[in-house]
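**Student:** What follows is a single structure, and I will ask about it in a moment.
Every read-out reported here was derived from the displayed coordinates using simple, explicitly stated rules and does not represent laboratory data. On a predicted model such as this, the values are computed, not experimentally measured, just so you know. Because the Cβ atoms are built from the backbone with ideal geometry, glycine has one as well, and the counts that use them run over all protein chains shown.
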Amino acid sequence: MTLALLAFAATSFAGPAPTVAPPSRAPVPGPTPPPTGMPPGTVTIGVYLYAVHELDFAKHTFHPVFEIWWRWRGDDFDPLATLALVNARGVPNVTLEDRRKLPNGENYAVARVDSVINQVLDTSTFPFDRHRLRIEIEDVPGVLSTIAGIIGATGGNIIETYHQRLFFQIPVKRADIDVVVETRDRAHVDVIIGKLMESGYPAKLLSDVGA
């Protein structure tokens with residue numbers, strides 16, 4: 001009797017089974033909206049150098065004045081905002097001279113830059129001094145070209161040449177040539193003379209002509 005009442009109560013008052021909600025799902029994202037502008041893509045750039053002032057080898061500085069121009073497509077690009085002058089001393093003086101849309105749809109801008117640049121200048125191959133050398137040669141065709149090749153291979157630059165024939169009581173004609181050579185320094189002169197001697201051309205330094 002008791003078991004029958006419990007079974008009836010369970011059936012009569014339990015009510016229907018609760019409804020279980022399905023697990024929630026993250027919302028599916030929609031399409032990504034397009035960007036507000038067009039990226040620049042390829043940017044073409046060029047430089048026109050007007051002048052270089054105050055070239056200072058001791059301070060390793062020089063002062064260039066130049067124009068820089070850009071050509072690009074798109075609206076989300078500011079060339080002046082991305083301009084960085086490497087090794088500039090202080091704030092460069094940059095002046096926008098022109099900016100416009102070209103007939104082909106490209107953007108065009110040009111700016112003038114005036115700045116002092118810090119840069120270690122390599123003067124190892126820069127001719128500073130001039131020296132007069134006397135070289136003894138055999139007066140035969142092609143020897144002057146050979147001499148010029150030896151001096152040029154060592155980094156010297158011939159400015160002037162004086163050819164003096166000397167006739168001796170021997171079958172082979174001999175001659176002296178005086179050359180004014182631009183060199184880096186006195187040590188460079190010694191290198192040139194050494195190369196001439198090694199090649200069979202006795203040479204000596206006559207005088208320092210100056211820069």
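**Student:** Can you work out the Karplus-derived ³J(HN,Hα) for every residue in region 55-68? Use 6.51 cos²θ - 1.76 cosθ + 1.60 with θ = phi - 60°, whole Hz, and x for glycine or proline.
**Tutor:** Listing the rounded values in order: 6, 10, 6, 6, 8, 6, 9, 8, 10, x, 10, 8, 9, 10 Hz.
**Student:** Arranged by the count of other C-beta atoms within 10 angstrom, fewest first, what order do L144, L205 take? Mind showing how you got there, number by number?
**Tutor:** Working: L144 18, L205 15.
Arranged by neighbour count, lowest to highest, L144, L205 become L205, L144.
**Student:** Identify all aspartates and glutamates with a Cα-Cα distance to K195 below 15 Å; exclude those on the same chain that are fewer than 8 residues away in sequence.
**Tutor:** Qualifying aspartates and glutamates at Cα under 15 Å: E136.
**Student:** List the aspartates and glutamates whose Cα lies under 20 Å from the Cα of K101, skipping any in the same chain that are fewer than 8 positions away.
**Tutor:** E67, D75, D76, D78
**Student:** Right, next: Grab the other residues whose beta carbon is less than 10 angstrom from that of D208, score K and R as +1, D and E as -1, and report the net.
**Tutor:** Details: positive: R130, R132, R186; negative: D129.
Residues near D208 contribute +2 overall.
**Student:** 5 Å is the cut-off here: which amide hydrogens, built 1.01 Å from N in the peptide plane, fall below it relative to K173, excluding neighbours closer than 5 in sequence?
**Tutor:** So K173 has HN proximity to D139.
**Student:** Now for a different question. On full extension of the chain, what length is gained from D190 through N104, given 0.36 nm per residue of separation minus the C-alpha to C-alpha distance? Numbers along the way, then the final one.
**Tutor:** Numbers: separation 86, 0.36 × 86 = 30.96 nm, distance 6.10 nm.
Computed gain between D190 and N104 is 24.9 nm.
**Student:** Quick one: length gained pulling D178 to F128 fully straight, 0.36 nm per residue minus the C-alpha distance?
**Tutor:** My answer for the length gained is 16.1 nm.
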